[in-house]
1. Consider Y720 carefully, then state whether it is open to solvent by 70 Å² or more (accessible area, probe 1.4 Å) and on the phi < 0 side of the Ramachandran plot.
2. Please go through (1) closer than 27 Å to L516 by Cβ; (2) surrounded by fewer than 20 Cβ atoms within 10 Å (Cβ to Cβ); (3) touching a residue at least 60 places away in the same chain (Cβ under 8 Å) for V385 and return the number of the only condition it doesn't satisfy.
3. Given L996, L979, L992, which one is among the aliphatic types (A, V, I, L, M), farther than 17 Å from P1031 by Cβ and touching a residue at least 60 places away in the same chain (Cβ under 8 Å)?
4. Looking at the stretch 1337-1360, which of its residues are under 38 Å from the mean Cα position of the chain (by Cα) and open to solvent by 10 Å² or more (accessible area, probe 1.4 Å)?
5. Determine if the stretch 991-998 includes at least one residue that is of a type in the set (D, E, K, R), within 18 Å of H1126 (Cα to Cα) and either in contact with a Pro (Cβ under 6 Å, 6 or more places away or on another chain) or open to solvent by 10 Å² or more (accessible area, probe 1.4 Å) (or both).
6. Of all residues in the stretch 968-988, which are part of a loop (DSSP other than H, G, I, E, B) and either modelled with pLDDT of 95 or more or exposed (fewer than 15 other Cβ atoms within 10 Å of the Cβ) (or both)?
7. Return a yes/no flag: does the stretch 1482-1496 have any residue that is open to solvent by 10 Å² or more (accessible area, probe 1.4 Å), under 30 Å from L861 (Cβ atoms), in contact with a Ser or Thr (Cβ under 7 Å, 6 or more places away or on another chain) and without any contact (Cβ under 8 Å) to a residue 24 or more places away in the chain.
8. Being touching a residue at least 60 places away in the same chain (Cβ under 8 Å) and either outside any strand (DSSP E or B) or of a type in the set (D, E, K, R) (or both) is the filter here, so list the residues in the stretch 638-647 that pass it.
Amino acid sequence: APYIPQIQGVDPSLQIDNRIQASSQAVLPGSKHNKSRAANTRDERFRSDLHTEAVQAALAKYKERKMPMPSKRRSVLVQSSVEACTPPDTSSASEDEGSLRRQGRLATSTPYQGHSHPAVEHWFNRVIQGSSTSSSASSTSSHPGGRIVTNTSAHAALNANAAATALADLMAHTQLDNHSAPPDVTGLSERSSVHAERSQVASVRGVSRNYNHQTSVMETADGVPVNSRVSNKIQQLLNTLKRPKRPPLREFFVDDFEELLDVQQPDPNQPKPEGQQMSPLEGESLGVVTNWPPSLPAALQRWGTTQPKSPCLTALDNAGKPVYTLTYGKLWTRSQKLAYTLLNKLSSRNEPLLMPGDRVALVFPNNDPVMFMVAFYGCLLAELVPVPIEVPLTRKDAGSQQIGFLLGSCGVTLALTTDACQKGLPKAQTGEVATFKGWPRLLWFVTDGKHVVKPPKDWHPPVREASNDIAYIEYKTSKEGSTMGITVSHSAMLAHCHSLTQACGYTEAETITNVLDFKREAGLWHGVLTSVMNRMHVISIPYSLMKVNPLSWIQKVHTYKARVAVVKSRDMHWSLLAQRDQRDISLGSLRMLVVADGANPWSISSCDAFLNVFQARGLRPEVICPCASSSEAMTVAIRRPPEMGVPPPGKAVLSMGGLSHGVIRVDTEEKLSVLTVQDVGQAMPGAMVCVVRVEGTPYLCQTDEVGEICVSSGSTGVAYYGLPGMTKNVFETVPVTSSGIPISDRPFTRTSLLGFVGPDSLVFIVGKMDGLMVVSGRRHNADDVVATALAVEPMKFVYRGRIAVFSVSVLHDERIVVVAEQRPDASEEDSFQWMSRVLQAIDSIHQVGVYCLALVPANTLPKAPLGGIHISETKQRFLEGALHPCNVLMCPHTCVTNLPKPRQKQPGRVGPASMIVGNLVAGKRIAQACGRDVGQLEDNDQFLYIQDVLQWRAQATPDHPLFLVLNAKGTVASTASCLQLHKRAERVAAALMGRLNTGDHVALVYPPGIDLIATFYGCLYAGCVPVTVRPPHPQNLATTLPTVKMIVEVSKSVCILTTQAIMKLLKSKEAAAAVDVKSWPMVLDTDDLPRKKSPQMYKPPTPEMLAYLDFSVSTTGILAGVKMSHAATSALCRSIKLQCELYPSRQIAICLDPYCGLGFALWCLCSVYAGHQSILVPPLELESNASLWLAAVSQYKVRVTFCSYSVMEMCTKGLGSQTEALRVSFTHHSCYSPQFHSCLCFCKSSCCFSCVQLRNVNLSCVRTCMVVAEERPRIALTQSFSKIFKDLGLSPRAVSTTFGCRVNVAICLQGTAGPDPTTVYVDMRALRHDRVRLVERGSPHSLPLMESGKILPGVKVIIANTETKGPLGDSHLGEVWVSSPHNATGYYTVYGEEALHADHFNTKLSFGDTQTVWARTGYLGFLRRTELTDASGERHDALYVVGSLDETLELRGMRYHPIDIETSVIRSHKSIAECAVFTWTNLLVVVVELEGSEQEALDLVALVTNVVLEEHYLIVGVVVVVDPGVIPINSRGEKQRMHLRDGFLADQLDPIYVAYNM
């Protein structure tokens, strides 16, 4: 394109390379570029030049800042290691307000300019220059699919902490303009208990994210650091990342806490209006014309009969050829025919279909003005009300539903259209036009010649004087996307024609070229109504022709010697791009070029540029006439043509800063942050104009204040059809003076235009209400922001007219969103570069941060009918996550400045005094509770050792069945009676005794089954210590075998017992690839042991001796083995037996993994101890038959059953959709939950099988179904499970959960007696401050928590403060401490982190009861005394577990539980299947699994960021979108967030997209 202005004073070669190395002083004024201009232009430079310059100067301040590019799976570029591992800086380098005038000054006190710290300099330069977003450094990645490869090792090689401190020094010595205290960048102190780390990640952890402050020391071309001002916003960010500074909270604190959002305080220095109160502006009076027709139909009748040959309208085809010229005679006769037909020939049930005053839709394409004009005047003659609308196309048009709503509310039943248009409309099967979504049922009538009838000779249409009845309804779309119909009366229509004729000096038979939409606004007013009033000839240029030939309108002006042209600034801009094709056109005939959107801030650049080019072709500067109009007030002001003797046009250069506070400040010097506007002429004849305050009572503005323009005249719209409330607000405003006196008795109409009245009574418009965005109390105009974005590098990466700017409300403030269409040829890197520059430009010029900048593929934004973007629809798609961007940049760190203040934790110790005071003040009791007493011993309870119980049972009840294992088909795979189990155990003991010593550790690697139980007891018989280990998965040896190896090594096992099949696997070639198979200890297979008895059983000398080791991997990825003594083992069994009332006559069903925790105890220990029969269902079998467990429960009429969350999930997903079919067989009242209809069925081949299985399943036998868990109860899952299987008789009260952890595997367990588990709702915000505040269900920020089951007999629980170790009151969240005979006796080992856990098993309170020895569970929870009574008649104390302490995120001084953030995120978009969050160097990282097409990936970024801000007041640092199944889950169904984090840091996730929020 020839018209791309150069940046003044900057060498063009640099300009292209956009590294402008001027030291960012104000742009140099003189340049050759100016001198070549014609001297008589209205300004020595284009306005657009000026803006581009301002933008380029603003950008020059940021020396090539590199932001980390988001990584995309499809992109083929390699990020440098530093870049990939150091999280992005969060600043957008926004200068603090008011500092723009001081750009050139250098920081003088930078002591590190010498070589005192070469290492730091080196590191720092690497950060600044080393990031490889520049194309020179990018190369095609060799990874499959072009993944981004990051190299962690290079990064780890840096001595991170040294670099961090040195950098912090460097930062602290850099001069900070405007800030007294230097920022503390050393906020590296993450929480001290860093349980979660793996050794290979340790190197990453010291690296603070504050390194990447490229903005802090910027260099000019010759390497001198430039003024390194850390802006307010970055400073705020640093403060957020550092330790918080809220005054300390006492431990016992009255619970009236409220987390307050920061309210933006108005700046005391902000400009305030100082002028007088404005006086209303009167237009000249409306002249009296002697032979003026009494109405518009009368004018048509006059011209149609007296001047029938006179041309009225010429229509063009897409090649620009005239197709048809409508004469006034033809228009008159055809309109009459149509009017007659509509009134007399359309009937339903012998009643005429239409009565005068009925509304009729006009659906005409933009290239058929002739048919539209005939239909419009036909309706007027028939006294019907035309409602012109757009042609709905096949696809769901943007806003089409709203149009339907308008038609419905107007009671439209008939639509007029052309034959061609009707053929093109989408049809239903019947062949009729389809009913569009949201539209009423319409009859379609084709107005072409053959369908209309000639009226009889004696019929004449009623041509009356203009009245106040409705003439037509024009639609308009509001900012929110709703469509309103504006009613215009006959008298207003006539008056508007009159005032336009007078203002524009229209004369009879003039020729006018119209490029605008003839259905509404200026296109209708000039090209259809006023033209007929004055018998003018309109040349109508269709939009489709403009797209093919943007010069067509200029050619037609030339050809027809048109006196007037009505255009938009877009049409002027387009013609500039094509002007080189023109040699011999002349615009000398034009006396008036009406610019319909002259009120738009960027129209001035089009006007200036157009004049500059076409002045040589006869265009006179004074004929350009911008006008301002709105649908409600019609034409508000228009610049008069030169012959009217009006004052010269005005131009105002206004300060953006002033405008953002609603104040007019003329700004001449400062060229960076200004808005140049042109006047839109004087008020219309016969109108009174005033400017009123935008919000609240319509007080008149002061003269230097921006307000909404209001008009009072006879030529405005009358009302919004059918919306009396809104009509009163807009069409019947009464402006008042400061003393509250109305300024006139006439009502005013609000125009939704923002502006002021300047000198010479010229009206200036600076924006529209629709584009107004109020961010932290300052006003910004969407159009201005668009202009700035365009000025960055217009036309290169994005299409000029395809940028949408709007605001969304997030966290109680408006946030600016910019969406643009990217050119298909723009590379990923270019567009990212463009995005970061746009952010900087908007930041500098408007002093406002952009919250989100999104680029979408070309032609994907919803279009308005005549080009342009449908803003409200775009916003709707953005909020629904349906925009599908191809590039996204979010900057929440810069924009969100109203977060609550970070909280300061209370200091060290709190003594007993405060506890007493606390009790007195708050009236809280100490939070402690215990289960019932264990009571007297029964016959088997006298045994101290579980192996003795088995021997006793083998003698007393040898044939009593203890175990029964089911396979996937639901048939019994194996069973064991007391004697059988004893005999098998003896054989194992005999095999071990010869080979091993007493006290040796033995690893048992078995699939779930009797073998595992028998070898466990065999080890006890032989005096060995068993360690149960989950066998490796043959399909996944690479990840499962190392865990087996690790447990074997860490537990110091000297022997592995297993089956032949697994033994082969452990030594196979595949295994050798994963581990060193030569280093396995002795492996014995127990499949065919000889039948021999061991010489004698081993008797442990004391019950405190080690019975077995229980190894498990925690959710934070730590492998921890705990020691269980014989005494603890027996006590555990006794507690469970009492709680669940287990006796030999009982049967229980267990669907759990038998390798650790309570699952192991239930599977291997409890049946032997209590004598009941256990039906064992291995969870793995459910993958091939989801109904296995429930079918077993029903078949054996089990009253008590145990499962895990993963089992419950398999049942809800695998069977949820089948319960419909089951209702037939089981006739209970259904409260079936339809949301599971769509769930996929997990049962791969045996769906039908499980259906048959479930046919006769009856779960009414179940008294209690307990989910074994080490986490907060998952209410949503348990409730949906209860709901789904209610149809099969499951009692809603049956489902409950258990709670155990490493120090004590069973703390709570619902059992068979006692009150039902209770659910409470707590305030999530109070929880972050470790306080528990109960709220009503459904209140904002409420979180449901379910009690974790009843506390077991013999178990005592207390809630303690994690830091002070003091006891807490009821209303506090603290760590759950437990004391019980079945506590484990200690860690055997914690792999990697032994020292941190020394006090977990024996700790004492720091005050209060300081004698009892407690074990710390590592879980946060609270106790609450309920109204229920338990078995002993006492009030029942409920324990609520909130989450694991290791997993909590300490952010901004508050404690967050990942699950709460994850729940919000999963709710935010239908395609998010799963989510996990973790922190990394104080950045919150959110990983989401996308269950949809990859094009939805980028939609999630904004939605995730929004929801976490809104609900948790946290800013997300990185959003990672991955495929389903990437988030690792352990056997208990818990997320392994730390494994995920390690995978992310080591770049093993193969993410679809990684977005770094700035």
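1. no
2. Status for V385: all satisfied but (2).
3. Numbers: L996 fails: touching a residue at least 60 places away in the same chain (Cβ under 8 Å); L979 fails: touching a residue at least 60 places away in the same chain (Cβ under 8 Å).
From the options L996, L979, L992, the qualifying one is L992.
4. Result: R1337, G1338, S1339, P1340, H1341, S1342, L1343, P1344, M1346.
5. Looking through the stretch 991-998, none of the residues is of a type in the set (D, E, K, R), within 18 Å of H1126 (Cα to Cα) and either in contact with a Pro (Cβ under 6 Å, 6 or more places away or on another chain) or open to solvent by 10 Å² or more (accessible area, probe 1.4 Å) (or both).
6. Taking the stretch 968-988 as the starting set, the residues that turn out to be part of a loop (DSSP other than H, G, I, E, B) are 968-971.
If the condition is that a residue be part of a loop (DSSP other than H, G, I, E, B) and either modelled with pLDDT of 95 or more or exposed (fewer than 15 other Cβ atoms within 10 Å of the Cβ) (or both), then K969, T971 are the ones that fit.
7. Our first condition is that a residue be open to solvent by 10 Å² or more (accessible area, probe 1.4 Å); within the stretch 1482-1496, this holds for 1482, 1489, 1491-1496.
Still in the running and under 30 Å from L861 (Cβ atoms): 1489, 1491-1496.
Keeping just the survivors that are in contact with a Ser or Thr (Cβ under 7 Å, 6 or more places away or on another chain) gives 1491-1492, 1496.
Restricting the remaining residues to those that are without any contact (Cβ under 8 Å) to a residue 24 or more places away in the chain gives 1492.
Yes: the stretch 1482-1496 contains one or more residues that are open to solvent by 10 Å² or more (accessible area, probe 1.4 Å), under 30 Å from L861 (Cβ atoms), in contact with a Ser or Thr (Cβ under 7 Å, 6 or more places away or on another chain) and without any contact (Cβ under 8 Å) to a residue 24 or more places away in the chain.
8. R640, P641, E643, M644, P647
The values are calculated or read from the model by the stated rules, or taken from the named source; none is laboratory data. A quick note: this is a predicted structure, and the numbers were derived from the prediction, not measured. Glycine gets a Cβ as well: all are built from the backbone with ideal geometry, and neighbour counts include every protein chain shown. Ligands, DNA and RNA are stripped out before the accessible areas are found, and what is left, the full protein with its side chains, is counted by its heavy atoms. Shrake-Rupley method; radii C 1.70, N 1.55, O 1.52, S 1.80 Å.
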